[in-house]
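Okay, so here's the structure we're looking at.
The values are calculated or read from the model by the stated rules, or taken from the named source; none is laboratory data. Bear in mind the structure is a predicted one, so any value in this text is a computation, not a measurement. Glycine gets a Cβ as well: all are built from the backbone with ideal geometry, and neighbour counts include every protein chain shown. For the accessible areas, the whole protein counts, side chains as well, though only heavy atoms, and no ligand, DNA or RNA atoms are used. Shrake-Rupley method; radii C 1.70, N 1.55, O 1.52, S 1.80 Å.
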Amino acid sequence: MKYFILFGPPGAGKGTQASAMAERYKLCHISTGELLRKEIHSGTELGQKAKSLIEAGALVPDEIVQAMIENQFKTVKGVEGFLLDGFPRTIAQAEALDTILKGMEEEVSSVVAIIIPDEMIMERIKHRAMLEGRADDASDDIINNRIKTYHDKTEPLIEYYKKAGKFAEINGVGTIEEVRQKSFEIMDKF
């Protein structure tokens, strides 16, 4: 099995690229954002907890996200691997993922990082909010908090995965097709 991590700041285009990656490599795309939105839409207790955190621009607790991810690994069949989008977001989550995979005698295949400048993050998220009506993308304060959270908590993963020899970065500025081709060039190696 292949275990790819799709990495980058909010608005980098991870969701846009993920479906093509999943289709080309026969991967199950696991978007923690989509998993959480499904829980919120269903009105579950988990969804209610997640909703208040997401609306404030905060991260959902690790143990909740990890349990959802591990459940996907164990229950999804008929794929050649997984594409994680939105997880891990912290060093603790990366270490937990390593532990989960080690228990399955697996490991992360590669991290594909789509990187864009902060100004573009703001532009893209506002555009997405307008198109999709997403409350978690609506206010400058929330977007700025998400950018700060990304820099403070998620960017340290770059060094974590570089040390493991599993980090590949691409410039997310360009057309969807250009970014997709760069992603495929990395993933083709695995």
Exercise. Between segment 1-24 and segment 70-137, what's the alpha-carbon centroid distance in Å?
Worked result: 7
Problem set entry | Debye intensity ratio in log₁₀ form over the Cα atoms of the chain, taken at each q of 0.11, 0.18 Å⁻¹ | -0.46, -1.37
Exercise. Going down the table (K49/K189; K14/K148; K14/K166; K49/K163; K126/K153; K26/K166), which pairs top 28 Å between alpha carbons?
Worked result: K49/K189; K49/K163
Exercise. Excluding V112 itself, what net charge comes from residues whose Cβ is under 14 Å from its Cβ, given Lys and Arg +1 and Asp and Glu -1?
Worked result: +4
Seminar exercise, completed: By the Cα gyration tensor axes a ≥ b ≥ c (a/c under 1.5 gives rounded; else a/b larger than b/c gives prolate, otherwise oblate), the shape of segment 149-190 is oblate
Problem set entry | Debye, to nearest 20: dipole size of segment 37-111, +1 on Lys, Arg Cβ, -1 on Asp, Glu Cβ | 340
Exercise. Sorting K148, K102 by accessible area (1.4 Å probe), largest first, what list results?
Worked result: K102, K148
Exercise. If Lys and Arg each add +1 and Asp and Glu each add -1, what is the summed charge of the other residues whose beta carbon sits under 12 Å from the beta carbon of E45?
Worked result: +1
Problem set entry | Local electrostatic count, L97, Cβ distance below 11 Å [Lys/Arg +1, Asp/Glu -1] | -4
Exercise. Rounded to the nearest 500 deg cm²/dmol, what is the calculated helix-only ellipticity per residue at 222 nm for the chain, with -39500 (n - 2.57) per DSSP H run of length n ≥ 4?
Worked result: -17000 deg cm²/dmol
For this session: Sort all Cα-Cα distances of segment 105-175 into consecutive 5 angstrom bins from zero, then give the percent of pairs in each bin up to the one containing the longest distance.
Result: 3, 14, 20, 20, 18, 13, 9, 4, 1
Problem set entry | Three-way shape label, segment 60-130, alpha-carbon gyration tensor, a/c 1.5 | prolate
Exercise. Among the trypsin sites (Lys or Arg not before Pro) within segment 1-53, which fall in a DSSP loop and have no more than 11 other Cβ atoms within 10 Å of their own Cβ?
Worked result: K26
For this session: Report the residue, chosen from N144, N71, N171, that carries the largest GNM mean-square fluctuation when the chain is represented by alpha-carbon nodes joined by springs under 10 Å.
Result: N71
Exercise. What's the longest piece of the chain with no exposed GluC sites (Glu not before Pro), counting a site as exposed if DSSP puts it in a loop and it has at most 11 other beta carbons within 10 Å?
Worked result: 106-190
